[in-house]
Amino acid sequence: MGDNELKSRLEEVLDARAVETSPLPVGFGLTGLKLCLADGRRLAVKARHAGSGRTSGLELEAYMLGELARHSELPVPHVHYADANLLVMDFIDNDGGAITDSVERHAAELIAKLHASPKARFGYARDTQIGPLPQPNPETSRWVPFFRDHRLMAMAERAHAEGNLPAQLYARVERLAERIDDYLIEPAFPSLLHGDLWTGNVLVSGGRIAGFVDPAIYCGHAEIELAFTTMFGTFGKAFFETYEALLPLEPGFHELRCDIYNLYPTLVHVRLFGRAYLAGIDRTLAKLGL
């Protein structure tokens with residue numbers, strides 16, 4: 001939708017006059033706005049053109065934010081309105097600051113509290129999405145088969161079918177899947193996960209976490225979330241020292257399981273951004289002798 005059409009639509013659904021708008025960076029072909037209303041509210045807006053071809057609607061992102069708000073104390077924006085092509089939520093004040101040691105320690109406290117609350121099953125009550133990609137969540141009683149079938153192989157199969165994961169590399173991923181029980185361990189219980197913890201989804205203010213955005217929720221092993229924070233160097237030593245003082249990790253996470261879990265987000269990037277990410281998959285499989 002055009003700018004004027006979007007502004008009119010926002011005023012209609014929010015029953016308030018827009019007094020100022022400014023661009024807000026968002027990804028995957030969406031339009032982003034910071035919106036100031038006459039009643040004083042400051043909101044963040046994501047809008048999708050109705051003909052963009054994406055299969056998942058912004059109402060799913062709203063659902064995931066709502067689930068985090070209901071089932072955790074993680075700071076996430078409150079949703080004011082959502083439909084397939086429009087999401088309106090609170091604008092979280094942030095100063096765009098760097099992720100310093102103090103930010104990492106605060107993040108670790110928040111994420112450890114999120115992970116510490118036991119959930120009943122792995123998966124979720126409905127399928128979710130990571131970025132614009134569908135994320136299947138059939139509820140199961142064991143983590144390792146869930147990761148194998150509904151994370152690793154589900155994403156690898158789609159990447160191969162779309163032509164971004166070559167047959168030889170796909171066959172090596174399949175060999176890992178056949179031996180996955182040799183490498184991964186079952187957690188004591190399922191944890192609710194944000195699901196997409198990287199720097200771009202972490203908002204900072206005054207040396208502390210201001211909020212987390214763009215979730216990809218499900219219930220899984222906390223280790224896959226922790227692994228994701230290392231993929232782009234989002235969190236490091238200060239985060240893990242604080243987290244592990246609260247929730248100790250089983251031996252072998254940093255040495256091996258972290259790399260295995262990061263195959264999933266790497267395959268996501270292969271699908272979204274192409275073959276430049278294949279080298280990371282090759283390195284991990286070679287490390288395992290596959």
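Brief remarks follow.
- If only residues of the range 1-48 that are without any contact (Cβ under 8 Å) to a residue 12 or more places away in the chain and within 14 Å of residue 81 (Cα to Cα) are counted, the one that is surrounded by the fewest Cβ atoms within 10 Å (Cβ to Cβ) is 15.
- Residue in the range 237-244 that is within 15 Å of the chain's Cα centre (by Cα), surrounded by fewer than 23 Cβ atoms within 10 Å (Cβ to Cβ), not assigned by TED's automatic domain parsing to the domain that holds residue 64 and not acidic (Asp, Glu) present: no
- Here residue 82 fulfils each of the conditions (1) part of a strand (DSSP E or B); (2) crowded, with 17+ Cβ neighbours inside 10 Å; (3) assigned by TED's automatic domain parsing to the domain that holds residue 206 apart from (3).
- Test: residue in the range 203-216 that is more than 14 Å from the chain's Cα centre (by Cα), part of a loop (DSSP other than H, G, I, E, B) and without any contact (Cβ under 8 Å) to a residue 24 or more places away in the chain: no
- Looking only at the range 217-247, residues that are at pLDDT below 95 and over 20 Å from residue 259 (Cβ atoms) come to 0 in all.
- Helices (runs of 4 or more DSSP H) enclosed by the range 228-290 - at least 1 residues per element that are without any contact (Cβ under 8 Å) to a residue 12 or more places away in the chain and over 21 Å from residue 175 (Cα atoms): 237-246, 263-273
- With respect to (1) touching a residue at least 40 places away in the same chain (Cβ under 8 Å); (2) in a helix (DSSP H, G or I); (3) within 19 Å of the chain's Cα centre (by Cα), the lone exception for residue 75 is condition (2).
The values are calculated or read from the model by the stated rules, or taken from the named source; none is laboratory data. The structure presented is a predicted model; accordingly, all values stated were derived computationally and were not measured. Please note: Cβ atoms are built from the backbone with ideal geometry, for glycine as well, and neighbour counts cover all protein chains shown.
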